[in-house]
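Chemist: Have a look at this one before I ask anything.
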Amino acid sequence: MFHKLSNILHDITSVLLPRLCFGCNTLLIRGEEHVCTVCRNQLPLTEYNFNVENPVDRIFYGRILIVKASALLFYTDKGIVKNLIHYLKYKNQEQIGYFLGQWYGHILKNNNYLKNIDYVIPVPIHPKKRRRRGYNQVTLFAKSVATHLNAKFSEDILTKTANTRTQTKKTRLLRWQNKKALYMLTNNELLKDKNVLLLDDVITTGATMEACATALSNTPGIKLYIASMAIVP
Ligand SMILES: [Zn+2]
């Protein structure tokens, strides 16, 4: 009886407040959340696991010392993934991070490589930007992944100190010099000898991850893993 009633209520709210697929804007039906079944089946999963070398690893070769890198989805200029990230970052749809984090968490929790992750940390955004947006778009993603890995979540350890954009046009060296001080650790003891998984939304040039990793790398004994919602192929 209660179940029936909640279904009816669900149908009434969908008429009053139609829920749309973040991938293709069609109406969601009962049982669908965030994306429709068609989009869900079309999501371009990388299927990279943490066991063999992949193109995300290769982005960071010779730049920073990490154990492994990976990504959940391919990011392309058009399509479902671009729409999801757009709604997540600019349209107040923070829950998309939760949706992707649940998905990735399910995949990662069965991975032998990630059994011993101690901390999951989202790439921070500047406090000013967070106030404007209302949230860090990577927070819920990182929280969900942390839950699945039985790891601690922290967004206070790593902070962004300057409100500048990623500089993609400069050379790698200049970029590195410019970015290395953009992120800071608030606690130098906590991550000592820990396995840390650093998460971001989209990896493009890898410059942001590189700058964060540089800030983290001064910690003795730290082992760093990197992953993102999506990777530009
Ligand atoms: Zn759709």
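The values are calculated or read from the model by the stated rules, or taken from the named source; none is laboratory data. These figures come from a predicted structure and were not determined experimentally. Every residue, glycine as well, gets a Cβ built from its backbone with ideal geometry; the counts of neighbours run over all protein chains shown.
Chemist: Condition first: closer than 17 Å to Ile203 by Cβ and assigned to a loop (DSSP other than H, G, I, E, B). Now tell me which residues in the range 66-78 satisfy that.
Modeler: Ile66, Val67, Tyr75, Thr76, Asp77 - these are the residues of the range 66-78 that are closer than 17 Å to Ile203 by Cβ and assigned to a loop (DSSP other than H, G, I, E, B).
Chemist: Failed condition for Glu94, given (1) surrounded by 17 or more Cβ atoms within 10 Å (Cβ to Cβ); (2) among the acidic types (Asp, Glu); (3) within 16 Å of the ligand (Cβ to nearest atom), with all others met?
Modeler: (3)
Chemist: Could you list, in sequence order, all residues of the range 55-73 that are of a type outside the set (Ser, Thr, Tyr), touching a residue at least 40 places away in the same chain (Cβ under 8 Å) and surrounded by 17 or more Cβ atoms within 10 Å (Cβ to Cβ)?
Modeler: Result: Val56, Ile59, Phe60, Ile64, Ile66, Lys68, Ala69, Ala71, Leu72, Leu73.
Chemist: Let me ask something else. Is it the case that Leu27 is buried (at least 17 other Cβ atoms within 10 Å of the Cβ), more than 24 Å from Asp156 (Cβ to Cβ) and within 16 Å of the ligand (Cβ to nearest atom)?
Modeler: Answer is no for this residue.
Chemist: Would you be able to tell me the number of residues in the range 55-65 that are among the hydrophobic types (A, V, I, L, M, F, W, C), under 23 Å from Asn218 (Cβ atoms) and part of a helix (DSSP H, G or I)?
Modeler: 2
Chemist: Consider Leu84 carefully, then state whether it is in a strand (DSSP E or B), within 15 Å of the ligand (Cβ to nearest atom) and either closer than 27 Å to Asn136 by Cβ or touching a Lys or Arg at 6+ places or on another chain (Cβ under 7 Å) (or both).
Modeler: No; evaluated as a whole, the condition is false for this residue.
Every residue, every condition in (1) outside any loop (DSSP other than H, G, I, E, B); (2) at pLDDT 95 or above; (3) surrounded by 15 or more Cβ atoms within 10 Å (Cβ to Cβ); (4) not assigned by TED's automatic domain parsing to the domain that holds Ile80, yes or no:
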position	(1), (2), (3), (4)
Gly101	yes, yes, yes, no
Ile107	yes, no, yes, no
Tyr113	yes, no, yes, no
Arg131	yes, no, no, no
Asn136	no, yes, yes, no
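Chemist: Taking the range 37-56 on its own, how many of its residues are more than 20 Å from the chain's Cα centre (by Cα) and of a type in the set (A, V, I, L, M, F, W, C)?
Modeler: Total satisfying the criteria: 2.
Chemist: Can you work out which of the residues in the range 34-54 that are assigned to a loop (DSSP other than H, G, I, E, B) and exposed (fewer than 12 other Cβ atoms within 10 Å of the Cβ) is nearest to the ligand (Cβ to nearest atom)?
Modeler: Looking at residues that are assigned to a loop (DSSP other than H, G, I, E, B) and exposed (fewer than 12 other Cβ atoms within 10 Å of the Cβ), I get Glu47.
Chemist: Hey, another quick one. Within the range 102-133, can you find the residues that are closer than 23 Å to Ala211 by Cα, in contact with a helix residue (DSSP H, G or I) (Cβ under 7 Å, 6 or more places away or on another chain) and not hydrophobic (A, V, I, L, M, F, W, C)?
Modeler: Result: Pro122, single match.
Chemist: Confirm whether Tyr113 is under 24 Å from Asn150 (Cβ atoms), away from the ligand (no atom under 16 Å from the Cβ) and touching a Lys or Arg at 6+ places or on another chain (Cβ under 9 Å).
Modeler: When the stated conditions are applied, Tyr113 passes them.
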